[in-house]
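Derivation of every value follows stated rules applied to the coordinates shown; laboratory data play no part. Here the structure is a predicted model, which is why all the values come from computation and not from measurement. Every residue, glycine among them, receives a Cβ derived from its backbone with ideal geometry; neighbour counts consider all protein chains shown.
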Amino acid sequence: MPDHIASSSRDWAEYVFFHDNNAGIVTEWWCHIASSFWFLAERNTVTDEIIRTFKTDELFHGRADVTDPKSESK
């Protein structure tokens, strides 16, 4: 993942949007719109089978606070 302070908008766009479209099992971020609840889903991209869904705390055990570098210079 690019450094959120030192990277350019292009670096972030490439990280978020440009990636290999591998066939097989992937872990994706999903959002339940009605509740705005974010969770992870393992999905087979070949068969479109949902293997499992799980809360993000199974993989992430902390919070990353991101600040806008522009607001710090004021």
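Things to note:
- Cβ-based exposure ranking for V16, V26, in which fewest neighbours within 10 Å come first: V16, V26
- Across every direction, the projection of the convex hull enclosing the Cα atoms of the chain has a mean area of 7.0 nm².
- Counted charge near T53, where neighbours are those whose Cβ lies closer than 11 Å (Asp, Glu -1; Lys, Arg +1): 0
- Virtual spin-label span in nm between H19 and N44, 7 Å along Cα→Cβ: 2.1 nm
- Sum of -39500 (n - 2.57) over DSSP H runs of 4+, divided by residues of the chain (222 nm, nearest 500): -4000 deg cm²/dmol
- Relative contact order computed over the chain (Cα-Cα under 8 Å; 6+ residues apart), in percent: 20 percent
- In this structure, the amide hydrogen of T45, modeled 1.01 Å from its nitrogen in the peptide plane, lies closer than 5 angstrom to those of G24, I25, V26, counting only residues at least 5 positions away or on a different chain.
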